[in-house]
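The values are calculated or read from the model by the stated rules, or taken from the named source; none is laboratory data. Owing to the predicted nature of the structure, the values given are computational and were not obtained by experimental measurement. Please note: Cβ atoms are built from the backbone with ideal geometry, for glycine as well, and neighbour counts cover all protein chains shown. Quick note on the areas: whole protein, heavy atoms, side chains included, nothing else; ligands and nucleic acids left out. Shrake-Rupley method; radii C 1.70, N 1.55, O 1.52, S 1.80 Å.
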Amino acid sequence: MSARVGLSRSTRSTLKTRLVMAGAFVGALAVLSMSMLFSWPVSVKGAADTAAEEAAAAFDSPSGTCLDWPNDAPQNMRRVPCSKPHTFEVTENVDIGKDYPESAPPPNAEGWQQIVTEKCTTVGTEYLGGKLDPFGKYTVGALKPNADQWRDGDRKLRCGLQRVTPSGERLLPTTGSAADQDQSNVHDPGTCFGLVDEKEVGDPVDCSTEHSYEVVGSVDLSQTFPAEYPTEALQLEKTVDLCPPVAAKYTGDKDLAALGLSLYSDTLKKESWDAGSRKVDCKVGALEPDQTLRPVRGSVKAQPVSSAPPPPSSPKPGG
């Protein structure tokens with residue numbers, strides 16, 4: 001089997017068609033979710049235990065600080081080096097007291113969303129060197145004062161950057177400062193995404209469970225298109241050539257067609273290109289003719305070859 005995953009001329013034509021059809025699902029990954037807002041979940045005033053003190057200090061961190069907390073336990077927030085996996089990176093602390101004096105009630109949910117959009121998008125863009133990919137890896141978020149803190153006069157909005165799952169309900173850990181990272185919305189090889197109602201891409205799941213597709217790697221389009229933005233159609237034509245070698249390496253040259261699977265890729269919007277993003281994911285999934293996604297179970301990753309010596313053979317009778 002070749003590095004092109006055994007593509008015949010007719011199979012390549014079918015793959016191109018599926019790559020184009022797959023474009024309908026790109027938006028499910030490049031989610032433009034509303035800014036996620038977190039407020040301090042517990043009162044820490046007068047707390048004596050170290051974990052609470054550490055969390056309270058983390059909540060009031062300066063620009064450039066990276067924070068981490070479990071998805072199911074935000075009260076365990078802590079500062080971590082940005083070189084370590086983290087959930088949130090503080091871009092700036094914005095005081096909104098001029099608009100909300102001491103007697104003002106706290107904004108409602110929609111009000112907070114608007115405030116975050118107005119106040120944090122600009123500082124987030126500046127933090128990233130003046131360019132924020134609206135379809136990229138990072139979205140704007142904020143840590144806001146809770147009701148008790150608001151009553152005590154806290155009017156500080158802790159703006160930051162984070163990576164949100166397709167559902168918008170979870171945050172994905174990132175490594176390295178966002179200010180130094182490529183904003184391309186690519187994922188580690190071996191990342192599998194769930195399937196919702198046979199048509200929508202869900203959040204990351206274990207590949208042993210039902211999923212929509214598995215990321216087998218990524219490709220850098222700047223090697224092919226070094227200057228002007230290529231249309232999404234041109235990108236798809238090129239990834240037909242770029243993704244098969246990536247998939248072959250990841251899968252151990254498996255015959256994907258024989259497994260009922262298709263290889264396809266994401267594409268970049270012009271806004272992403274203008275912001276400096278150049279990489280897209282290559283993915284393996286089962287896209288049906290009616291454009292529904294058939295659930296897949298199990299990873300296509302090649303299993304490592306054992307380095308253990310073969311077991312000794314049994315002696316032949318009379319040997």
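Some observations on this one:
Matching residues to (1) within 23 Å of the chain's Cα centre (by Cα); (2) within 20 Å of residue 210 (Cα to Cα):
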position	(1), (2)
226	no, no
233	no, no
239	yes, no
259	no, yes
266	yes, no
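- Residue 122 surrounded by 12 or more Cβ atoms within 10 Å (Cβ to Cβ) and touching a residue at least 12 places away in the same chain (Cβ under 8 Å): no
- Tabulated pairs, the stretch 255-267, first open to solvent by 10 Å² or more (accessible area, probe 1.4 Å), second among the hydroxyl-bearing types (Ser, Thr, Tyr), C-beta under 7 angstrom, 6+ apart or interchain: 257/11
- Unmet requirement for residue 283, which otherwise passes all of (1) of a type in the set (Lys, Arg); (2) surrounded by fewer than 16 Cβ atoms within 10 Å (Cβ to Cβ); (3) touching a residue at least 60 places away in the same chain (Cβ under 8 Å): (2)
- Qualifying residue in the stretch 301-312 (condition: out of contact with any Pro (no Cβ under 8 Å at 6 or more places or on another chain), modelled with pLDDT under 95 and open to solvent by less than 50 Å² (accessible area, probe 1.4 Å)): yes
- Going through (1) of a type in the set (A, V, I, L, M, F, W, C); (2) closer than 26 Å to residue 130 by Cα; (3) outside any helix (DSSP H, G or I) one by one, residue 179 falls short only on (3).
- Residues that are under 20 Å from residue 60 (Cα atoms) and not aliphatic (A, V, I, L, M), drawn from the stretch 87-101: 87, 88, 89, 91, 92, 93, 95, 97, 98, 100
- Taking the criterion of being over 25 Å from residue 298 (Cβ atoms) and in a helix (DSSP H, G or I), the residues of the stretch 243-272 that qualify are 270, 271, 272.
- Among residues of the stretch 54-74 that are part of a helix (DSSP H, G or I), those with a Cβ under 9 angstrom from a residue that is at pLDDT 90 or above and of a type in the set (Ser, Thr, Tyr), sequence gap 6+ or separate chain, pair up as 58/65; 74/87.
- The one condition in (1) aromatic (Phe, Trp, Tyr); (2) open to solvent by 40 Å² or more (accessible area, probe 1.4 Å); (3) at pLDDT below 85 that residue 100 fails to fulfil: (3)
- Those residues of the stretch 210-226 which are part of a strand (DSSP E or B) and hydroxyl-bearing (Ser, Thr, Tyr), in sequence order: 213, 218
- Criterion violated by residue 64 - all others in (1) in contact with a strand residue (DSSP E or B) (Cβ under 7 Å, 6 or more places away or on another chain); (2) modelled with pLDDT of 85 or more; (3) at negative phi satisfied: (3)
- Residues in the stretch 92-135 that are within 20 Å of the chain's Cα centre (by Cα) and under 16 Å from residue 271 (Cβ atoms): 121, 124, 125, 128, 131, 132, 133, 134, 135.
- Check on residue 221, touching a Gly at 6+ places or on another chain (Cβ under 7 Å), on the phi < 0 side of the Ramachandran plot, buried (at least 17 other Cβ atoms within 10 Å of the Cβ) and of a type in the set (A, V, I, L, M): no
Let's see how each residue does on (1) open to solvent by 10 Å² or more (accessible area, probe 1.4 Å); (2) acidic (Asp, Glu):
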residue: 198; (1), (2): yes, yes
residue: 201; (1), (2): yes, no
residue: 209; (1), (2): yes, no
residue: 217; (1), (2): no, no
residue: 227; (1), (2): yes, no
residue: 279; (1), (2): yes, no
residue: 291; (1), (2): yes, no
residue: 299; (1), (2): yes, no
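- Test: residue 154 is modelled with pLDDT of 90 or more, outside any strand (DSSP E or B) and closer than 26 Å to residue 220 by Cβ: no
- Residue pairs whose Cβ atoms lie under 9 Å apart, separated by 6 or more positions or on different chains, with the first residue in the stretch 94-115 and part of a loop (DSSP other than H, G, I, E, B) and the second hydroxyl-bearing (Ser, Thr, Tyr) and surrounded by 13 or more Cβ atoms within 10 Å (Cβ to Cβ), are 106/100; 107/100.
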